[in-house]
Amino acid sequence: MQRYERNMKTLSEEENRQLKNHKVCVIGCGGLGGYIIEMLGRLGIGYITAVDGDVFDETNLNRQILSNEETLGKSKSQTAKSRMALVNPHVHVNAIVGRLTKENSEEILQGHDVIIDALDNIETRFVLQETAEKFGIPLVHGAIAGWYGQVTTILPGDRTLDKIYTKKDIKGVEKELGNPSFTPALVASIEVSEVLKLLIGRGELLRKKILFINTFELEYNTVELG
C-alpha cells in the first residue's frame, strides 16, 4: 500500500504489514497523547484505544495537536477518533470518554500489546504500572515540563516508576513550568519509537533507564535505573 511506502527500509514489508494486528492503548489525549495517536495511526497500528475524560479549552491551543477553534468544548478522545478517520481510516480508534481509575483500569487495559502513559497525573501512573504488570503488558512512560521531558519503557516486573516518583507525589512539575508547543511533540516521538521497537521486537529499549531531555541547554542524558 502506497500509504506506508516511506516506512520501508526503516521497517520491513512484513513488519509494516503486522502493525495492523497490534492493539495499543493511549492514556491521555492531550499534549502528548494527541501527537502519539497521530504517529501511531500514520505508522499503521491497527487498533488504538484512546482514553481521556476531558474536553478541549483555550489553554490547550498552544500545544495540543488535536485542539483548534472548532474542537473547543469537544471530547479529546472522540476528537482523536474523528481525526484518525481523516488521517488513516484503516485504523480503528476505540474512544473512551472518561478517566482511567483503579476501578476501571483492568477493563480498559487488558488485551493490548502496549500501553502508553500520556498523563499529567502521578497517582494514575502508578495505577497504570500496577495493571500493566498484572496483565504482562509493556508500559511506555513519558512526561513533559517546560523545556524538559523524560521517557522510559517499563516491562512487567521492572516497576520503574517506583524509582522515579513516590506515592506521595501528587502532581508533576509541568503544573509549575507549563508546556510550550515543541516539548510534547518531541517526547511523544520518542515514546512512539519505543512502542515500535516493542512491537517489531528489535532495537534498544529505554528499559531500566530513563532518558532526560533538556532542550534549553541541549542535554540528552540516559540514566541507568538498575
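The values are calculated or read from the model by the stated rules, or taken from the named source; none is laboratory data. All values derive from a computational prediction rather than experimental measurement. Counting neighbours? That spans all protein chains shown, and the Cβs are built from the backbone with ideal geometry, glycine included. Heads up: the accessible areas ignore ligands, DNA and RNA and are worked out on the full protein's heavy atoms, side chains in. Shrake-Rupley method; radii C 1.70, N 1.55, O 1.52, S 1.80 Å.
Accessible surface of the chain, 1.4 Å probe: 50 percent of it comes from carbon and sulfur atoms.
Sparse packing (at most 14 other Cβ atoms within 10 Å of the Cβ) combined with a DSSP loop state is found for the following GluC sites (Glu not before Pro) in the stretch 7-80: Glu69, Glu70.
Cα convex hull, the stretch 12-162: 115 Å³ per residue, rounded to a whole number. Using a/c under 1.5 as the rounded threshold, could you call the stretch 90-144 rounded, prolate or oblate? The axes a ≥ b ≥ c are square roots of the C-alpha gyration tensor eigenvalues, and prolate needs a/b larger than b/c, oblate otherwise. Verdict is rounded for the stretch 90-144. Within the stretch 183-226, report the chymotrypsin sites (Phe, Trp or Tyr not before Pro) that DSSP leaves as loop and that have at most 15 other Cβ atoms within 10 Å. Hits after loop and neighbour filter: Phe216.
Under a 5 Å amide H cut-off, with hydrogens placed 1.01 Å from N, Gly178 pairs with Gly146 among residues at least 5 apart or on other chains. For Thr49, the residues whose amide H sits under 5 Å from its own are Val24, Cys25, Val26, Asn94, ignoring neighbours fewer than 5 places away on the same chain, with H placed 1.01 Å from N. One Cα centroid belongs to the stretch 196-217, the other to the stretch 134-168; the line between them spans 11 Å.
Annotation note: GluC sites (Glu not before Pro) in the stretch 83-144 located in DSSP loop regions with a Cβ neighbour count of at most 15 within 10 Å are Glu103. At a probe radius of 1.4 angstrom, the accessible area of the stretch 1-83 per residue rounds to 50 square angstrom. In order along the stretch 200-205, the phi-based Karplus estimate (6.51 cos²θ - 1.76 cosθ + 1.60, θ = phi - 60°) of 3J(HN,Hα) comes to 8, x, 8, x, 7, 8 Hz; Gly and Pro are listed as x. The alpha-carbon atoms of the stretch 33-100 define a convex hull whose volume equals 74 cubic angstrom per residue.
Considering lysine pairs in the stretch 1-92 that are 8 or more places apart or on different chains, how many have Cα atoms under 22 Å apart? Don't jump to the answer; show the numbers that get you there.
Working: Lys9/Lys20; Lys20/Lys81; Lys23/Lys76; Lys23/Lys81.
Taking the stretch 1-92 as the scope, the lysine pair count is 4.
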